[in-house]
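The values are calculated or read from the model by the stated rules, or taken from the named source; none is laboratory data. Everything numeric in this text was worked out from a predicted model, so none of it was measured. A quick note on method: Cβ atoms are made from the backbone with ideal geometry, for glycine too, and the neighbour counts reach across all protein chains shown.
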Amino acid sequence: MNFRKPLAALALAGALAVGYAGVAGAQTPAPAAPSTPTTQSQHHFTCEGAKDRLAKLQKRDDEIKAHIAKAEARRDQLVAEGKTDQAAALTKRIDAAKDRLGKVEARVEKVKDAVAKRCDNHANPGTAATPAT
């Protein structure tokens, strides 16, 4: 039996069907953009939310400081035991933690300023900030 010709015809028919579906899919118009912006692009500021964020950042700041103190104590212990290679590796980790601490402290200050600027003025709308002399 010769199956080559029927298989070739079947393959050709399948290729034409898939090719036609691909052309039809390419002609489908793209969905229209939404008329209103998405909620992800909108940001709603509340004093309560900002104060919560500030509390979380301060907590993280304290946790990093405690972690650094604990790691420094461990490093000193390693040095006392003569394990200088492990102490050097731990020193690298301590330095990285101090870098993170600097970033967290900068963020805490930024949020503190924003909370003071936005929330304190709303709490006391009649009070103007007095310039430093």
Checklist entry - Of the residues in segment 72-94, how many are exposed (fewer than 11 other Cβ atoms within 10 Å of the Cβ) and among the charged types (D, E, K, R)? => result 3
Checklist entry - In segment 43-72, how many residues are in contact with a helix residue (DSSP H, G or I) (Cβ under 7 Å, 6 or more places away or on another chain) and within 14 Å of residue 109 (Cα to Cα)? => result 8
Next on the checklist: Looking for something over 23 Å from residue 97 (Cα atoms), at pLDDT 85 or above and among the acidic types (Asp, Glu) - is there at least one such residue anywhere in segment 70-80?
Outcome noted: no
Next on the checklist: Go through segment 62-71 and report how many residues are of a type in the set (D, E, K, R) and surrounded by 15 or more Cβ atoms within 10 Å (Cβ to Cβ).
Outcome noted: 1
